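*Asks:* Just dropping this structure here.
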Amino acid sequence: MPATLLLDENRLTTDERIAAVELTGTLAATVRRYLRANNLSGPVIEMRGPQRREIHLVAGAGKAARAIEVLRSAGAIVHTDGASIPLPTSSDSMAWGISPSEARWVPPLVALAAAVRAAGAVRRTHLGDVAC
């Protein structure tokens with residue numbers, strides 16, 4: 001059964017089916033490009049501020065312990081187990097980058113972990129090109 005988002009008022013409460021992964025800076029940008037290039041994009045909340053910050057809504061957190069470890073070791077904040085995530089409103093400092101109605105699906109958490117791992121590989125490749 002595909003994951004569906006149950007949005008209550010202006011908040012999302014995470015559970016074993018739906019989680020939220022918060023990424024910042026270059027990692028957020030690289031992951032977003034990877035997801036788009038591989039047709040894996042799902043709902044994304046963009047946080048306004050001096051540094052790029054995004055919250056990706058994902059499915060399947062209850063069966064993805066290793067993927068959650070990968071995300072956290074890369075610096076992501078993974079919101080699970082009843083965490084309450086504020087959702088964008090017209091007067092907020094956040095907005096939908098991809099709204100639930102625009103997204104074709106809610107991607108699995110493991111897809112986001114794969115994007116983070118790919119972003120790490122890209123970063124290591126570019127650092128290897130730098131002469132010291």
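*Asks:* When the range 68-111 is examined, which residues are found to be under 21 Å from Leu27 (Cα atoms) and either of a type in the set (Asp, Glu) or in contact with a Cys (Cβ under 7 Å, 6 or more places away or on another chain) (or both)?
*Replies:* Glu69
*Asks:* Based on this model, can you work out whether Ala119 counts as open to solvent by less than 50 Å² (accessible area, probe 1.4 Å), at pLDDT below 90 and of a type in the set (A, V, I, L, M)? First the steps, then the outcome.
*Replies:* Working: open to solvent by less than 50 Å² (accessible area, probe 1.4 Å): yes; at pLDDT below 90: yes; of a type in the set (A, V, I, L, M): yes.
So Ala119 passes the test.
*Asks:* Got a number for residues in the range 24-43 being in a loop (DSSP other than H, G, I, E, B) and on the phi > 0 side of the Ramachandran plot? Write out each step before concluding.
*Replies:* Step one: of the range 24-43, the residues in a loop (DSSP other than H, G, I, E, B) are 38-43.
Now drop any that are not on the phi > 0 side of the Ramachandran plot, which leaves 39.
So the count comes out to 1.
*Asks:* Select, from Glu102, Glu69, the only residue that is more than 19 Å from Asp15 (Cα to Cα) and at pLDDT 90 or above.
*Replies:* On the way: Glu69 fails: more than 19 Å from Asp15 (Cα to Cα).
Residue meeting the stated conditions: Glu102.
*Asks:* Can you give me the ranges of the strands (runs of 3 or more DSSP E) entirely in the range 44-115 with at least 3 residues that are at negative phi and out of contact with any Phe, Trp or Tyr (no Cβ under 8 Å at 6 or more places or on another chain)? It would help to see each step written out before you state the result.
*Replies:* Working: elements: 44-47, 53-59, 77-79, 84-86, 94-98.
By residue number, 53-59, 77-79, 84-86, 94-98.
*Asks:* Just to be sure I understand the filter: pairs with C-beta atoms under 9 Å, separated by 6 or more residues or on different chains, first member in the range 62-77 and under 12 Å from Ala19 (Cβ atoms), second member among the aromatic types (Phe, Trp, Tyr) and part of a loop (DSSP other than H, G, I, E, B). Which pairs pass?
*Replies:* Hits for this filter: zero, empty list.
*Asks:* When you go through Glu9, Glu22 one by one, which is the residue that is surrounded by fewer than 19 Cβ atoms within 10 Å (Cβ to Cβ) and modelled with pLDDT of 95 or more?
*Replies:* Values: Glu9 fails: modelled with pLDDT of 95 or more.
Only one candidate qualifies: Glu22.
*Asks:* Taking the condition without any contact (Cβ under 8 Å) to a residue 60 or more places away in the chain and either open to solvent by less than 50 Å² (accessible area, probe 1.4 Å) or more than 10 Å from the chain's Cα centre (by Cα) (or both), does Ala83 pass?
*Replies:* On the way: without any contact (Cβ under 8 Å) to a residue 60 or more places away in the chain: no; either open to solvent by less than 50 Å² (accessible area, probe 1.4 Å) or more than 10 Å from the chain's Cα centre (by Cα) (or both): yes.
Spelling it out, it is not the case that Ala83 is without any contact (Cβ under 8 Å) to a residue 60 or more places away in the chain and either open to solvent by less than 50 Å² (accessible area, probe 1.4 Å) or more than 10 Å from the chain's Cα centre (by Cα) (or both).
The values are calculated or read from the model by the stated rules, or taken from the named source; none is laboratory data. In this text the structure is predicted, and so the values were computed from the model without any measurement. Heads up, the Cβs are rebuilt from the backbone with ideal geometry, glycines too, and the neighbour counts pull from every protein chain shown. What goes into the accessible areas is simple: the full protein's heavy atoms, side chains included, and nothing from ligands, DNA or RNA. Shrake-Rupley method; radii C 1.70, N 1.55, O 1.52, S 1.80 Å.
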